[in-house]
Amino acid sequence: MWLPCGCTSKAIVTSSACPVFKSYFRVFGRWKCNVAAFMPEAAGFEGVKDFSSLQEFSVSNSESFWAAAARSRLSWIRPFHTVQHCDLSRGKIKWFEGGQLNVSVNCLDRHVHTSPERVALIWERDEPGSEVKVTYRELLETTCRLGNLLRRRGVKKGDCVTIYMPPCPLAVASMLACARIGAAHNVVFAGFSAEALAERIRDAESSTVITVNQGVRAGKVTELKRTVDAAVQDCPTVQQVLVAMRTENPVAMTAKDVDMEEEMLKEDVVCEPAAMNSEDVLFLLYTSGSTGKPKGVVHTQAGYLLYAALTHRYVFSYQDGDVFGCVADIGWITGHSYSVYGPLANGGTTVLFESTPIYPDPGRYWEMVQRLKINQFYGAPTAIRLLLKYGDQWVQKYDRSTLKTLGSVGEPINTEAWEWYYRVVGDGRCPVVDTWWQTETGGICITPRPSDPDAEIVPGMAMRPFFGIKPILMDTKGKVVTSNPASGALCIAKPWPGMARSIHNNHQRFIETYCQPHPGYFFTGDGAYRSKEGYYQITGRLDDVINVSGHRIGTAEIEDVVNQCNAVAESAVIGYSHDIKGQGVYAFVVLKKGVDDQEADLSQQLNIMVSKKIAKYACPDFIQFVQRLPKTRSGKIMRRVLRKVVERDLNGLGDLSTLDDPSTVQEIIQGHRELF
Ligand code: PRX
């Protein structure tokens, strides 16, 4: 096993013996042995002397832990009277009841009081060197103007506004303006198609959509407003579309469209914040499940904000004055929690990245790190894998001495990528935090830090639970595994403030998906391995959700689109291991009888359909036309067999006796060979 300290050994050696780790000690050494200096609230926690006792305390005395954190880290309009009121088995999760606050005040006003000219956002636009800095004062003013505009145009507390924008200050102001007036937001990733957007607008019942005329990414212009035009045609609830100008190119405006920036100029820079209950909805964010349509995961005000702030501060060792560079799109939960809410709640400076890792060349990230003096860089393994193939020179050209922590998120990071990230990007100086979490968890749950600055980090392992998190593994019989090492279904044994509260309009689905599989525990849908030292490694999804370039997608969603093609009788989509993307999409397609299988044309047609109905990233890399799919006698597709064929693990096909007709497997193997 390769170790972060650069030693090669089969055994895990303790990092404190390693000179490289001593440098962590220098950077973070002031926290060691003084846990109260690290987290001031800890001074009031009995028996807490070090990191591990703080973690234990946060789990066994979770009420005291979270109450202290909520009182000291958030500004309340009215204090809460009950810390938590949760029953996981019934899907009932309530934190900080009785309390009232405003999230935008927590993210803006309180920092404007102390440091109005501090930079809140650095908008790293597509063209390198054209960044725009926005201070806390400016962001508050913009948010207030927009909040007033939304109010004037009839948006009320409890409404849900859909935001279809690339990362930019106006997108952040839109999120915060919703929070200011008590509306929920529903940010839809601007790479989604018109149909996918329409589906989300309809489910969220939005009457207002906010967008930009065009997007700019990797030198190319995308017609975002045109996508919104197409979407709203199928959305009877939409009454108005607020359009901001990202480029100077005019777009056709319809009767529903409002020139957002022009209207904002008419508004006051002061906007009365709504007093929100802790458990009022802050936002919906749609994500994929193993069955059915994407679900609108519900996050609420106080608990989410506190958890985003605390994880941002401690997982990345964020210090006041640091520049935090999360390169995720704001359309995903990573963008919500670590480009927007976590950093802003902490009064930080956060980067909004509009471009791609290889535009204009593969040095983009590191040139940006040098130019913006980024201290914490947070990105996805898929980009790291892509960049390492271009070679070290693209990294070494640039000064990365400002970097202190490197983060990874969204999918497993393989050892080669981890090593390159640590050694080449971080020059062997910066801890790599492989952070495991989900849209549903609201923030990071398993991560190498916080822990003692000299505690070891094993490449490819998410390692340790964050404060308040108690992970457990379930065996196939539904029993908690207590021994180590062990593998099992990853569940979380206690509620935490950042967790999702529901699925919009479908609380029953929330209960069935997360609470019922293992009653009394939150079921994550992931499998995990726990080493003999108690460190966690995520082994992948246990359901039919796949992860393509860090984007989560249900295979059922892709099948649904493929099956809509007139020529298709049925299909089975599976994920397969892909060098760069982590997982790729492989579709087995059965055509209707009598259909002329002009395969090239049909493959192209299916790809266009998937890209039109979902997004480009969901398009199959391979489509194999087959006569039949392997099915059990009860008619269930045996995906396990398909996966093995694609992985070319023919010895691992397993028991085929339950198949209705085992000869299908041979046909499929033959077809797969012909495809390659
Ligand atoms: O399978 C896990 C994987 O991404 C899923 C969550 O996807 P999403 O809700 O889109 O959120 C992504 C950003 C938090 C998880 O169920 N995943 C996330 N982080 C990791 C990971 N798999 C392995 N290692 C990780 N660090």
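Laboratory data are not the source of any read-out in this text; all were calculated from the coordinates shown. Since the model is a prediction, treat every value here as computed from it, not as a measurement. Methodologically, a virtual Cβ is constructed for each residue, glycine included, from the backbone with ideal geometry; neighbour enumeration extends over all protein chains shown.
Helix-derived [θ] at 222 nm for the chain: sum -39500 (n - 2.57) over DSSP H runs of at least 4, divide by residue count, nearest 500?
-8000 deg cm²/dmol
Express the Stokes-Einstein translational diffusion coefficient of the stretch 345-388 in µm² s⁻¹, to the nearest whole number, given a Kirkwood radius over alpha-carbon pairs, 4 °C and a viscosity of 1.567 mPa s.
112 µm²/s
Under the rule of at least 5 residues apart or a separate chain, name every residue whose amide H is placed under 5 Å from the amide H of D526.
L490, L542
Please say if the chain is rounded, prolate or oblate, where rounded means a/c under 1.5 for a ≥ b ≥ c the square roots of the C-alpha gyration tensor eigenvalues, and otherwise the choice is prolate for a/b larger than b/c and oblate otherwise?
Verdict is rounded for the chain.
Report the percentage of all Cα-Cα pairs in the stretch 471-565 whose separation exceeds 16 Å, rounded to a whole percent.
For the stretch 471-565, the fraction of Cα-Cα distances above 16 Å is 64 percent.
For the stretch 287-333 and the stretch 119-152, what is the separation of their Cα centres, given in Å?
Comparing the Cα centres of the stretch 287-333 and the stretch 119-152, I get a distance of 19 Å.
All other residues with a Cβ under 11 Å from the Cβ of E367 taken together, and with Lys, Arg as +1 and Asp, Glu as -1, what is their net charge?
+1
Quick one: of K157/K295; K404/K581; K94/K494; K256/K612; K477/K631; K389/K581, which pairs are farther than 18 Å apart, Cα to Cα?
In this structure, K157/K295; K404/K581; K256/K612; K477/K631 exceed 18 Å between Cα atoms.
Before anything else, pin down the relative contact order of the chain: Cα pairs under 8 Å, at least 6 apart, normalised by residue count, whole percent.
So the answer I get is 13 percent.
Stretch R226-T539 to full length: gain in nm at 0.36 nm per residue minus the Cα-Cα span?
Using 0.36 nm per residue and subtracting the Cα-Cα distance, I get 108.7 nm.
Report the Cα centroid-to-centroid distance between the stretch 612-665 and the stretch 413-431 in angstrom, as an integer.
Taking the Cα centre of the stretch 413-431 as reference, the centre of the stretch 612-665 is 36 Å away.
Taking just the C-alpha trace of the stretch 143-240, give me its Rg and Dmax in Å.
Here Rg and the maximum Cα pair distance are 12.8, 39 Å.
Can you tell which of A196, T222, V209 lies farthest toward the positive end of the dipole of the stretch 165-228, using +1 and -1 charges on the Cβ of basic and acidic side chains (Lys, Arg; Asp, Glu)?
In the stretch 165-228, that residue is T222.
Tell me, what does the Kirkwood hydrodynamic radius of the stretch 355-441 come to in angstroms if you use every pair of distinct C-alpha atoms?
Roughly 13.0 Å, rounded to one decimal.
Under unit Cβ charges (Lys, Arg +1; Asp, Glu -1), what dipole magnitude, rounded to 20 debye, does the stretch 508-574 have relative to its Cα centre?
It works out to roughly 340 debye.
Taking 8 Å as the Cα distance limit and 6 or more residues as the minimum spacing, I'd like the relative contact order of the stretch 296-447 as a percentage.
Once normalised by length, the contact order is 23 percent.
Along the charge dipole of the chain, pointing to its positive end and built from +1/-1 on Cβ of Lys, Arg, Asp and Glu, which listed residue (Y286, Q666, N414) has its Cα farthest out?
Highest projection toward the positive end goes to N414.
In the stretch 200-223, which residues have a backbone nitrogen under 19 Å from the label point lying 7 Å from D234's Cα in the Cα-to-Cβ direction?
200-210, 223
Compute the signed sum of charges (Lys and Arg +1, Asp and Glu -1) over the other residues within less than 13 Å, Cβ to Cβ, of G635.
+1
Quick one: putting +1 on the C-beta of Lys and Arg, -1 on the C-beta of Asp and Glu, what dipole do you get for the stretch 84-134 around its Cα centre, in Debye to the nearest 20?
Using only the charged Cβ atoms, the result is roughly 360 debye.
Just the number, please: percent antiparallel of the DSSP beta bridges in the chain, rounded to the nearest 5.
Given both bridge residues lie in the chain, the antiparallel proportion sits at roughly 60 percent.
Rounded to whole Hz and in sequence order, give me ³J(HN,Hα) for the stretch 183-194 from the Karplus expression 6.51 cos²θ - 1.76 cosθ + 1.60, θ = phi - 60°, writing x for Gly and Pro.
Karplus values, whole Hz, x for Gly and Pro: 8, 8, 10, 9, 7, 10, 3, 6, x, 6, 6, 4.
Taking the stretch 411-494, which trypsin sites (Lys or Arg not before Pro) meet the DSSP loop condition and have no more than 11 other C-beta atoms within 10 Å?
Within the stretch 411-494, the qualifying trypsin sites (Lys or Arg not before Pro) (loop, at most 11 other Cβ atoms within 10 Å) are K477, K479.
When only C-alpha pairs under 8 Å and at least 6 residues apart count, what is the relative contact order of the stretch 55-150, in percent?
With pairs under 8 Å counted, the relative contact order is 17 percent.
Which net charge results when you count Lys and Arg as +1 and Asp and Glu as -1 among the other residues whose beta-carbon is under 11 Å from that of G554?
My count for the surroundings of G554 gives -1.
Given the options M260, G348, P497, identify the residue whose Cα lies farthest towards the positive end of the charge dipole of the chain (+1 on Cβ of Lys, Arg; -1 on Cβ of Asp, Glu).
Selected residue: P497.
Just check the stretch 64-170 against the gyration tensor rule for me: Cα atoms, a ≥ b ≥ c as the square roots of the eigenvalues, rounded for a/c under 1.5, and otherwise prolate or oblate depending on whether a/b exceeds b/c.
In terms of gyration-tensor shape, prolate.
Measure out, as a whole number of angstrom, how far apart the alpha-carbon centroids of the stretch 221-274 and the stretch 519-589 sit.
Measuring centre to centre over Cα atoms gives 35 Å.
Would you mind getting me the FRET efficiency between S60 and R110? Use the beta-carbon distance for r and R0 = 41 Å, nearest 0.05.
0.85
So if each residue of separation counts as 0.36 nm, and I subtract the Cα-Cα distance between S89 and E647, what length gain in nm does that give?
197.1 nm
For the stretch 564-639, run through the trypsin sites (Lys or Arg not before Pro) and keep only the ones in DSSP coil with at most 16 other Cβ atoms within 10 Å of their Cβ.
Counting only loop positions with at most 16 other Cβ atoms within 10 Å, the trypsin sites (Lys or Arg not before Pro) in the stretch 564-639 are K592, K593, R628, R633, K636.
Between rounded, prolate and oblate, where does the stretch 162-313 land on the alpha carbon gyration tensor, with a ≥ b ≥ c its root eigenvalues, rounded for a/c under 1.5, else prolate if a/b exceeds b/c?
Here the stretch 162-313 falls in the oblate category.
Determine the dipole magnitude for the chain: charges of +1 sit on the beta-carbon of Lys and Arg, -1 on that of Asp and Glu, nothing else is charged, the reference point is the Cα centre, and the result goes in debye to the nearest 20.
1180 debye
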